[in-house]
1. Would you please give the FRET efficiency between residue 61 and residue 38, computed as 1/(1 + (r/R0)^6) with r the Cβ-Cβ distance and R0 = 22 Å, to the nearest 0.05?
2. List the equivalent ellipsoid semi-axes of the chain in whole Å, largest first, each obtained as the square root of 5λ for an eigenvalue λ of the Cα gyration tensor.
3. To the nearest 20 debye, what is the magnitude of the charge dipole of the chain about its Cα centre, counting +1 on the Cβ of each Lys and Arg and -1 on the Cβ of each Asp and Glu?
4. Past 24 Å, Cα to Cα: identify those pairs from 19/91; 112/139; 62/91; 29/62, in the order given.
5. Heavy atoms only, probe 1.4 Å: what % of the accessible area of the chain goes to carbon and sulfur, would you let me know?
6. So what is the 222 nm mean residue ellipticity for the chain from helices alone, if each DSSP H run of at least 4 adds -39500 (n - 2.57) and you divide by all residues, rounding to the nearest 500 deg cm²/dmol?
7. Net charge near residue 13: determine it from the other residues with C-beta under 14 Å of the C-beta of residue 13, scoring Lys and Arg +1 and Asp and Glu -1.
8. For a quick check, take a GNM of the chain with Cα springs below 10 Å and name the residue from 62, 29, 91 with the largest mean-square fluctuation.
Amino acid sequence: MIQLRNFLEQKGYYRIILKRITSGHYTFKAKINNVSGVFILDTGASNSCIDFTYDSYFNLKKEDSKIKAAGAGALNMETALAKDNLLLIGKWELKKLDFILMDLSHVNEALKEVDELSVHGIIGADFLKQTRAIIDYGKNCFYII
């Protein structure tokens, strides 16, 4: 029987290792506009987002947004939009990824409570759908094309 990894790599998918942290989240390293960061992979997040405090760190060009965000116990959060960013994961790249900028302090506070390091952002369902992602929880990895 062919292994999932071999099958997907033969179809052109790129494998990315995930780290399962004590909170139960899965994280991975990536570069946004050639700057390294740590991100949670979150199938429940409709959009990929980065904490407001990292907009200049990742060289994001933000635009005002009237959209309010909610999630993980926080409601009516102010947002901004950063369009057309370069995402690099290992040797794989996506040239035009949009991010919602928002306050993720509630996420990082929850991580701090379980002695985990903070994250720069969350990669959500928009990215997962665009890249036709397949998550292999048994092997702590995911595949994108």
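1. On the way: r = 22 Å, r/R0 = 1.00.
Efficiency at R0 = 22 Å is approximately 0.50.
2. On the way: eigenvalues 134, 66, 35 Å².
Square roots of five times the eigenvalues give 26, 18, 13 Å.
3. Details: 19 positive and 17 negative charges, 151 e Å.
Charge dipole, the chain, about its Cα centre: 720 debye, nearest 20.
4. Flagged as over cut-off: 112/139; 62/91.
5. 51 percent
6. On the way: 3 runs with 22 residues, N = 145.
-4000 deg cm²/dmol, from helical runs alone.
7. On the way: positive: 5, 11, 15, 91, 132, 139; negative: 9, 136.
Value of the local net charge: +4.
8. 91
The values are calculated or read from the model by the stated rules, or taken from the named source; none is laboratory data. All values derive from a computational prediction rather than experimental measurement. Neighbour counts run over all protein chains shown; Cβ positions are idealised from the backbone, glycine included. Surface accessibility is based on the protein's heavy atoms, side chains included, excluding ligands, DNA and RNA. Shrake-Rupley method; radii C 1.70, N 1.55, O 1.52, S 1.80 Å.
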